[in-house]
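Below is one structure, written out as structure tokens; comments come after it.
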């Protein structure tokens, strides 16, 4: 089972679920937040790995495309020393997050994982389009909808 939630970081440093947000982020050019990714009850990415969450989701959208074409994708968070990678083996994907000396891994069915990522990514970008009208999130929405 795959669970994905996105949070925006408020001016006080706390995290608010994106779905609950009603106002634009403090700086729409640098949207701080976090993705909570849990695979079969194991937290792979948590609130400690916060960064520019809109950029992370854009990177993940690109990773989904790469994963579908080559079976492997990796990226680094924009402003943190965190590496995220996906590797397909047969009908499963190995999800790996490296944060300094700590490495978290989980294996899950590829189709289920890609579907969950696309859904969470679309929900996030649609909400950001609502919170920040005229933003440049439409390209990511188109890529994920393909």
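Looking across 36, 8, one residue alone is within 30 Å of residue 92 (Cβ to Cβ), surrounded by 12 or more Cβ atoms within 10 Å (Cβ to Cβ) and modelled with pLDDT of 95 or more. It is 36.
Look at the range 59-81: where a residue is free of Cβ contacts under 8 Å to residues at least 12 places away in the same chain and on the phi > 0 side of the Ramachandran plot, no partner that is surrounded by 18 or more Cβ atoms within 10 Å (Cβ to Cβ) and assigned to a strand (DSSP E or B) sits 6+ places away or on another chain with Cβ atoms under 7 Å. Where strands (runs of 3 or more DSSP E) sit wholly within the range 62-116, none has at least 2 residues that are out of contact with any strand residue (DSSP E or B) (no Cβ under 8 Å at 6 or more places or on another chain). Total residues in the range 7-45 satisfying the condition of being over 15 Å from residue 120 (Cα atoms), in contact with a strand residue (DSSP E or B) (Cβ under 7 Å, 6 or more places away or on another chain) and not in a strand (DSSP E or B): the figure is 6. Which numbered condition trips up residue 56, out of (1) assigned to a strand (DSSP E or B); (2) within 19 Å of residue 128 (Cα to Cα)? It is condition (1) that residue 56 fails. Of the residues making up the range 97-109, those that are under 16 Å from the mean Cα position of the chain (by Cα), more than 18 Å from residue 79 (Cα to Cα) and surrounded by 16 or more Cβ atoms within 10 Å (Cβ to Cβ) are 104, 106.
The values are calculated or read from the model by the stated rules, or taken from the named source; none is laboratory data. Since the model is a prediction, treat every value here as computed from it, not as a measurement. Ideal geometry is used to build each Cβ from the backbone, glycine not excepted, and the neighbour counts take in all protein chains shown.
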